[in-house]
Amino acid sequence: MLEEPVLDFDDIQGNVLPGFKKDSQHFLFFQIVNPEPARLWLKSLAPRLWTAREVLAAHSMWKAMRLKLGHEPNNLDFLFLNCAISAQGLVKLGVPGIEKFDDPAFKLGLEERAASIGDPPRGSGEPGAPENWIFGAGFRRPDVLLILATDDFDWAVRYEEELITSAQQQGLQLIHVDRGRVRPGKLSGHEHFGFKDGISHPAIRGRRSTAPDDFIEPRTWPEDSAFDIYRSRFAAPGRPLVWPGHFLFGYLRQNRDEPESSRPNSEPPGPAWAVNGSFLVYRRLSQDVQAFRTFLAEASETLRQNGFDPGLTPERLGALLVGRWASGWPVMRDPNVDRGEQNLGENYFTFTEATTVSLPNDPYPLNLPDPNGLICPFAAHIRKVNPRDDATDIGSKERTFQKLLLRRGITFGPEIDQPQAERGLLFVAFQTSIVNQFEFLMNDWVNEANKPHADGGVDPIISTARNTKISLVNGTNRFDLPIPGGWVVATGGEYMFTPGIRFFSNVL
Ligand code: N7H
C-alpha cells in the first residue's frame, strides 16, 4: 500500500480542508490602517479560527444527528471562522519572507493580473474592468479577509457586527462585505443559471493521523475487483487523488505523469511560515441570468431551424454548454435526457475512453468514448476546466491532476423574481500556485479557443471573451454556435493567502 502523508489537521484552516459547507457564508474584507494594533488583533484571533480537525468533527456530528433524526437537525449549528491575508496585507504587517513565494500573481494581486486572465483592461470602462469593481481595485484593495460560515443567517449577521466593531477598534477598516447564501428549497446547491454545483472535487491524498488507513478522503470504491483499476488514482468515482502539495504549502507534489508517486523535494516554494497554508482566489462574479436564459431560448430555436436536432430544447443546449444537465447529471452519461439528481454516478464518467463497469445500484447507461467531442462539446465548461482522461496540449491525462482546484464558492443575491437585483457566484478556490492552477485554467484553457483541444471554442460560461463561437456536432454535421458572452462578469476580488493557524499565534 502507498504511504500517504499525514496532514497537520490542527493547523490547516477548516475552509481549505474539508470546506465549510454551510448555507450562509459571509466574507468581510478589511484594510489595515494601523499595522501594530491590527497585528495584535489578528494574533488574538488564533483561538477563534476553526481548524480542519474541528470543522471535520462538526460535520461528522451534524451528519450523525441527521441520521438519528431522519431529517436535518434544527438545533445543531456551528459558526465557523477563518482568515486570509493578501500580499499587500502581509507587507503592511511587516511579515518577512514574502519574496520566497514563487508566484507573481499572488505578489501583484488580482487587479494587476485581471487583464491577463481576460477581464477588460483597466480604464476601458467596460463591464468587468477593474474600475467598475465594487472592491478589489484602486483604493479598495483588501488586506484581510474574514470568512464566517453557519446555517443560521441571523447568527452570522450578529457575529459579523461583533467582529467588525472589534476589528475597527484595532487598526482595521471594513471596505466590503459579501454575503453568500445557498439558494432556497430544491434549488439548494444550484448556482443561479440553475445548474447543480459542487459535485466534482479533487480528493487530497493523505491521512489525518499515522493510522495506515485514516484517509482524509474516504476510499469508497465497491470491493469488487472490477474497480481495482481505479483505486490507486481515485478516492471515489470521478475524484482524483491529488498530492497535498498542490493545495497546501509544506507538502510534496505529484511526480510529473505519475499520480501515484510524489516528486522528492517538490514542496511549493515559500517562506517557512507558509507551511499548512494555501493561496485563496476570490472572484466576485455577477451573473446575468435573464440574458443567459434568453440566449438559450433563441439559440436553440435557431439551431433547430438550421437542422441541428429538431428536438433541441433550451435545457439541452444549456447542458451542452456546461457538460452537465441542471440536475448535475453528466451529458457524457446521457446527452438526451436529464436523469435528475441521483446522488450516485453523477461524477462517474470520462471523456476519451468509455467507462465499462457499472457501479452497484446505478442503472443508467455508462459513457461511450468521445475523443472527438461529439457527445460533450470540447467547449463545455466542465470539459474545459477538467478534461479528465483527455490528453491535452500539456501532455498526458495525468498532468491534469496538477491543475485542479479546491473550490469553495457559494451563490449570492436574490432569486430572479427580483429582476433588478444583482446575483452571482462568490468564487473561492484554494491552491499552491495561482499561476499554474487558477490562472492556467483561465488563460490557457477557458479563454483559448484551441486548447485543451483544437477548434473547440472558448468556455461559453466563464470565458470573458465576447462574440466568439463554439463547435457543436450532431451526427456528422458540425455547427458553429455564436456566443455573445458577457453572462458572467467580474465585480471584485483579490488573491490572498490562508495561513496555518500557528502563523497567527507564532509569526504575527
Ligand atoms: Fe465552474 N456553471 O453553472 O456552469 N462549474 N462555474 N468555475 N467549475 C462547475 O462538477 C459555473 C468557475 C470549475 O471537476 C459546474 O461540481 C458558473 C470559475 C471547475 O468536472 C457548474 C461559474 C472556475 C469545476 C459550474 C463558474 C471554475 C467546475 C458543475 C461562474 C475557475 C469542476 C458542478 C459564475 C477556473 C469540473 C461540478 C470537474 C464545475 C458553473 C465559475 C472551475 C454547473 C456559473 C471562475 C474546476
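The values are calculated or read from the model by the stated rules, or taken from the named source; none is laboratory data. Note that the structure is a prediction, hence the values are computed from the model and not measured. Cβ coordinates were reconstructed from backbone atoms using ideal geometry, including for glycine residues, and neighbour counts include every protein chain displayed. SASA here: full protein model, heavy atoms, side chains in, ligands and nucleic acids out. Shrake-Rupley method; radii C 1.70, N 1.55, O 1.52, S 1.80 Å.
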Item to check | Sole residue being without any contact (Cβ under 8 Å) to a residue 24 or more places away in the chain, of a type in the set (Ser, Thr, Tyr) and within 15 Å of the ligand (Cβ to nearest atom), chosen from Thr355, Thr411, Thr392, Thr350 | outcome: Thr355
Item to check | Criterion (outside any helix (DSSP H, G or I), open to solvent by 30 Å² or more (accessible area, probe 1.4 Å) and more than 24 Å from Arg207 (Cα to Cα)) met by exactly one of Leu67, Leu76, Leu40, Leu28 | outcome: Leu76
Checklist entry - Is it true that some residue in region 402-414 is at pLDDT 95 or above and over 16 Å from the mean Cα position of the chain (by Cα)? => result yes
Next on the checklist: Would you confirm whether or not region 195-202 contains a residue that is under 15 Å from the mean Cα position of the chain (by Cα), outside any loop (DSSP other than H, G, I, E, B), within 16 Å of the ligand (Cβ to nearest atom) and β-branched (Val, Ile, Thr)?
Outcome noted: no
Checklist entry - Can you list the strands (runs of 3 or more DSSP E) found entirely within region 445-508 that contain at least 3 residues being out of contact with any Leu (no Cβ under 7 Å at 6 or more places or on another chain) and under 28 Å from Pro314 (Cα atoms)? => result 468-474, 477-483
Checklist entry - Among the residues of region 441-486 satisfying the criterion of being under 24 Å from Ala115 (Cα atoms) and of a type in the set (Lys, Arg), which is surrounded by the most Cβ atoms within 10 Å (Cβ to Cβ)? => result Lys451
Checklist outcome for this item: Conditions (1) within 16 Å of the ligand (Cβ to nearest atom); (2) touching a strand residue (DSSP E or B) at 6+ places or on another chain (Cβ under 6 Å) -> Glu160 fails only (1)
Next on the checklist: Here's a check for you: in region 269-298, which residue that is in a loop (DSSP other than H, G, I, E, B) and open to solvent by 20 Å² or more (accessible area, probe 1.4 Å) is farthest from the ligand (Cβ to nearest atom)?
Outcome noted: Val275
Checklist entry - When you look at Val435, is it assigned to a loop (DSSP other than H, G, I, E, B), within 14 Å of the ligand (Cβ to nearest atom) and modelled with pLDDT of 95 or more, yes or no? => result yes
Checklist entry - away from the ligand (no atom under 11 Å from the Cβ), farther than 20 Å from Ser188 by Cα and touching a Pro at 6+ places or on another chain (Cβ under 6 Å) - does that describe any residue in region 308-327? => result yes
Checklist entry - Any idea which of Ser261, Ser266 is over 21 Å from the mean Cα position of the chain (by Cα) and in a strand (DSSP E or B)? => result Ser261
Checklist entry - Ile85 passes all but one of (1) crowded, with 21+ Cβ neighbours inside 10 Å; (2) β-branched (Val, Ile, Thr); (3) assigned to a helix (DSSP H, G or I); which number fails? => result (3)
